[in-house]
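In what follows, a single structure is set out as structure tokens and then discussed.
Readers should treat all values here as calculations from the given coordinates under stated rules, not as data from a laboratory. Keep in mind it's a predicted model, so treat the numbers as computed, not measured. FYI the Cβ positions are ideal-geometry reconstructions off the backbone, even for glycines, and counts take in every protein chain you see.
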Amino acid sequence: MANENFHCGSVAIVGRPNVGKSTLLNALIDAHLSIVTPRAHTTRQRILGIANPAGGQILYLDTPGLHREAKRAINRSLNRAVRAAIADADLAVQVIAAGHWDDEDTAVYAALAERAIPHLLAVNKVDRIADKAKLLPFVEDVTRDRTWDQVFLISAEKRSGLAELERAVLARLPEAGPSYETDTFTDRSERFLVAELVREQLMRQLGEELPYATTVEIERFEDRPDGITEIAAVVWVEREGQKAIVIGAGGRRAKAIGSAARRSIEALIDRKVFLKLWVRVRAGWSDDEAALKQFGYE
């Protein structure tokens, strides 16, 4: 394919925790790639999602929320993932929640200012603002002493305003041929995506009880001759008390998590799945660089 008039490049989607970055990525590529929950700090790694609009290919990089205080190794890992995405990107989209700007948003803006690449601002969740007359003063206040190339009012959940954002992104990417085949939507492996779907159910079903010091490791991923994919996944926690929370009385909570995760995995890989879940303790894993490397954190 000739590169003339075809644009391809990488776009870092950045913001503080829980502003809707993963929901935006999924909407832009029209696929359930990044897991989404009501909880902050759901995304823990940089995730590539690929969109193929007319005239180009956009390589979106979903990122964790940037932490101002990185006291534990996992927080430092999350921040490294954000900064690596910004360093690799041709363009950045900062996502904020409509009606809310705080010190963490300021920290994200400062990180973007370190690179001379186009910066767009996506004011998300505008559907949650009942009085739309308040949006303009909010945007004026946010942009008074800060500069973005363009500002967009969007709702990632309702998929409102995304076409305009996509056109602006594509126009600012370099002229280049596609990096991936058009039927590819990520460079992540099935094992990684399966682990994320299990973790999504952990966060959804445990709610306020969720021990945030949990991660998921796939020990076995095997296609059997009978057409069933057998998966063994380990939920790692840091304390015995957290293990009890995940398992639940009589194992009922772990069973519910496994059943919901299995259905999501079957939808992803389009095969029948036999999922085994184990819960194990590794004390202090979230503050252990070696453990983070073992579990696949960047």
Which of the following values of Cα extents along the principal axes in Å was calculated from the structure shown: (1) 55, 45, 39; (2) 60, 49, 37; (3) 64, 43, 36?
(1)
Would you kindly derive the ³J(HN,Hα) couplings of the range 38-49 from the backbone phi angles with the Karplus curve 6.51 cos²θ - 1.76 cosθ + 1.60 (θ = phi - 60°), listing them in order in whole Hz, with x for Gly and Pro?
x, 8, 5, 6, 5, 7, 10, 9, 6, 10, 8, x
When the chain is modelled as a GNM with alpha-carbon springs shorter than 10 Å, which of Lys276, Lys125, Lys71 fluctuates the most?
Lys71
Rounding to the nearest 10 and keeping the result within 0 to 90°, find how far the Cα-based axis of helix 190-206 lies from the longest principal axis of the chain.
80
Fewest to most Cβ atoms within 10 Å: Ser77, Ser10, Ser22, Ser189 sort as Ser189, Ser10, Ser77, Ser22
I need the phi-derived Karplus couplings for the range 220-234: 6.51 cos²θ - 1.76 cosθ + 1.60, θ = phi - 60°, integer Hz, Gly and Pro marked x.
9, 9, 9, 8, 7, x, 7, x, 9, 8, 9, 10, 10, 10, 10
Roughly how many nanometres apart are two label points built 7 Å out from the Cα toward the Cβ at Thr143 and Asp187?
3.3
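Compute, for the chain, the length of the dipole vector about the Cα centre, with Cβ point charges of +1 (Lys, Arg) and -1 (Asp, Glu) only. Units Debye, rounded to 20. Walk me through the intermediate numbers first.
On the way: 41 positive and 43 negative charges, 222 e Å.
Dipole of the chain, to the nearest 20 debye: 1060 debye.
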Positive end of the charge dipole of the chain (Lys, Arg +1 and Asp, Glu -1 on Cβ, about the Cα centre): tell me which of Ile47, Ala176, Ala256 has its Cα farthest that way.
Ala256
Backbone HN-Hα couplings from phi across the range 174-184 [Karplus 6.51/-1.76/1.60, Hz, Gly and Pro as x]:
x, 6, 6, x, x, 8, 9, 4, 5, 8, 9
Residue span Phe221 to Ala267: 0.36 nm per residue of separation minus Cα-Cα distance leaves a gain in nm of 15.0 nm
Spatially close lysines, pair count over the chain: Cα under 29 Å, gap of eight or more or interchain
20
May I ask you to list the residues of the range 173-217 whose amide nitrogen lies under 20 Å from a point 7 Å from Cα along the Cα→beta-carbon direction of Ala31?
177-201
